[in-house]
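I have placed the structure first, in the form of C-alpha cells, so that the comments after it can refer back to it.
What follows draws every value from the coordinates through simple rules; no lab data is involved. In this text the structure is predicted, and so the values were computed from the model without any measurement. Heads up, the Cβs are rebuilt from the backbone with ideal geometry, glycines too, and the neighbour counts pull from every protein chain shown.
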Amino acid sequence: ARRHMYEFGTRAEHLGAIAVAMREHAQLNPRAVTYGKRITMDDYMDSPMLADPYRLLDCCLETDGAAAVVVTTEERARDLRTRPVHIAGAARGQPYPADEITNRDDIFTTGLSIAAPEAFGAAGVKPSEVDVAMIYDCFTFEVLQQLEEAGFCERGEGGEFGEDVRIGPGGDLPVNTHGGLLAEAHVLGMSHIVEGVRQLRGEAGERQVEGAEVGVVTGWGDFGDGSIAVLTN
C-alpha cells in the first residue's frame, strides 16, 4: 500500500472511501456485525494508526461465523427448488516468487493479475460488463489493488476509480454489497460467494442491485495468491 502511494499518488482518503463504502453496504444487511454503525471519513481519519498507512478502519473484522454453498452439475441444478447461478469462468494464480514480496521484479503483480484474464476469457465476459463485485477485503488497499489487477481500471487508478465509479450502495459498480470482511464479518471469503449468488438470484432484499446478471468474486491470501470466479444467472 505504501509503495502504491509512492508510485501513483494514492492517498489515505482513497482507502478511507473504501472503508466508508463497505460500512454503508453493511447498513442494508441486518446480519452484519456493524449494522447500525455508520462511519464517516472523519471517523476513518481519526481511527488509530496500526501500521502506517493502515489505520484501524482499514482492517477486516475478527469474527466467528459460517457459510455454505452447494456446487453441482447444470443438469442436476435444473431439478432443484432454487434458481441456479452458473460458474461461467474461474481461475487462480500466484505471483513469482510466491513466498516473498520485496524481491519481485514487479511488486504489484499478484495471482489475480494472472487469473483474472483467464476467468474472464473463459466466461466470455469483460470487466466492464460486471454488475456487482465481491472483492476479498482483508484490508482496504487490497480492494483497490484487486480492482486494478482484475481489470476494472488501470493500475494506479484504483483510488480515483473507487470515488468516481462509486463502489457503495447505488454506485455504478457496487462492491461487497453485504459489507464484506471489513463490515459484515470475516468468514474467509465464503460470504462473498453467498452474497454473489443472492444478488444474481435477486434475493438480496434492500441491498439488491437492480438487474444484476453478472457477478465476480475474488479470493486473496498469503503473499498475493489470487482467485476469481465469474458468476452469471
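Some points to look at:
- Share of Cα-Cα pairs in the stretch 1-84 lying beyond 16 Å, as whole percent: 66 percent
- Kirkwood hydrodynamic radius over Cα pairs of the stretch 171-232, then Stokes diffusion coefficient at 10 °C and 1.306 mPa s, in µm²/s: 130 µm²/s
- With a Förster radius of 25 Å applied to the C-beta separation of ARG201 and TYR35, the computed FRET efficiency comes to 0.70.
- Taking a sphere under 11 Å around the Cβ of ASP225 and counting the other residues whose Cβ falls inside, with K and R at +1 and D and E at -1, yields a net charge of -1.
- For the chain, modelled as a GNM whose springs connect Cα atoms under 10 angstrom apart, the maximal fluctuation among LEU56, LEU80, LEU144 occurs at LEU80.
- DSSP H segments from the chain that extend 20 Å or more along their own axis, Cα-based, with Kyte-Doolittle mean of -1.0 or above: 12-26
- Rounded FRET efficiency, nearest 0.05, which uses the C-beta distance separating ASP52 from THR102 and R0 of 30 Å: 0.95
- Taken over the stretch 4-47, the ratio of Cα radius of gyration to 2.2 N^0.38 Å equals 1.34.
- Computed over the chain, the range of Cα coordinates on each principal axis works out to 53, 42, 32 Å, biggest value leading.
- Convex hull volume of the stretch 92-141 per residue (C-alpha atoms, cubic angstrom): 108 Å³
- When the helices of the chain are scored as -39500 (n - 2.57) per DSSP H run of n ≥ 4 and the total is divided over every residue, the value at 222 nm lands at -9000 deg cm²/dmol.
- Alpha-carbon centroid distance for the pair the stretch 200-233 / the stretch 47-112, whole angstrom: 10 Å
- For the stretch 64-198, the Stokes-Einstein estimate of translational diffusion at 25 °C and a viscosity of 0.890 mPa s comes to 150 µm²/s, using the Kirkwood hydrodynamic radius over alpha-carbon pairs.
- The phi torsions of the stretch 167-182, fed into the Karplus equation with coefficients 6.51, -1.76 and 1.60 and a -60° offset, translate into couplings of 9, x, x, x, x, 6, 9, x, 10, 6, 5, 8, x, x, 5, 6 Hz, rounded to whole numbers, with Gly and Pro shown as x.
- Dividing the Cα radius of gyration of the stretch 129-225 by its Kirkwood radius returns 0.93 for Rg/Rh.
- Label zone at SER128 (point 7 Å along Cα-to-Cβ), backbone N below 19 Å, the stretch 140-163: 147-158, 160-163
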